[in-house]
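Single-structure report; data block below.
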Amino acid sequence: MALSGSPVSTENDRKKRDTRIRRLSAFMKWFVTATLALVILAWGLLIVALVVPELIADNTDMLEWGEIERPLLEVPQTQRLGFVVLITVIFSLIGATCWNMRQLFERFRKGEYFATQTLTRIVSIGTWLLSLAVFTVLSGPVGSVLLTIDYPPGERVLHVELDGGELLLLTFGGLMLVFGWIMREAALIADENRQFV
């Protein structure tokens, strides 16, 4: 029987923690994979709705951007194509973030906690989240102008808004980026210490 704090007990505890990390990482990998599939499906449906709204829209369907809305069938095609570009960029940033999360959880599932690829994924997630936050903030005014640019002068709208979602993305993206940098430094220090010994 092993005493508390003994090497055998410590090793068993470490194995339990490692197993727990790997199991949750495997689940999260498939959860993020399913999320990524839904993101791609939603993007595809939005593109179809914008390119050929006659297929799925009627006079009650609205195109909303921030607090501005307008019947989808009344929006000229060139403006709808502008929204295709905006939405494609947003969904690409979300997709890239999800893909990097999926790859990170796969590294964790394999127990590669401090591998170079693992740390690169953490930095990438932070970078993609920050990019998404910045683009979301910028796309608000662009989308509002795009939605109303065919209106007569004086009726066009420039809507600027910053809400909790963008602030959360900025904060979490910055946290992931700094965390990745710190983990890289820790890995370099550990590697230097091993070489020194």
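General remarks:
- Ordering of 90-97, 73-80 by burial proxy (mean other Cβ atoms within 10 Å per residue, highest first): 90-97, 73-80
- Pairwise FRET efficiency - Ala42 versus Lys110, Cβ, R0 = 35 Å, nearest 0.05: 0.70
- On full extension, the segment bounded by Ala34 and Ser92 gains 19.3 nm, given 0.36 nm per residue less the C-alpha separation.
- Amide H within-cut-off set for Met62, under 5 Å, with H built and near neighbours excluded: Leu72
- For the stretch 167-197 and the stretch 22-54, distance of Cα centres in Å: 30
- For the chain, size of Cβ-based charge dipole, Lys and Arg +1, Asp and Glu -1, in debye: 1500
- Percentage relative contact order, the chain, counting C-alpha pairs under 8 Å, at least six apart: 21
- Pairwise inverse Cα distances across the chain, averaged and inverted, put the Kirkwood hydrodynamic radius at 20.1 Å.
Taken together, the values in this text are just the output of simple stated rules run on the coordinates, not laboratory data. Since the structure is predicted, the reported quantities are computational estimates derived from the model, not experimental observations. Cβ coordinates were reconstructed from backbone atoms using ideal geometry, including for glycine residues, and neighbour counts include every protein chain displayed.
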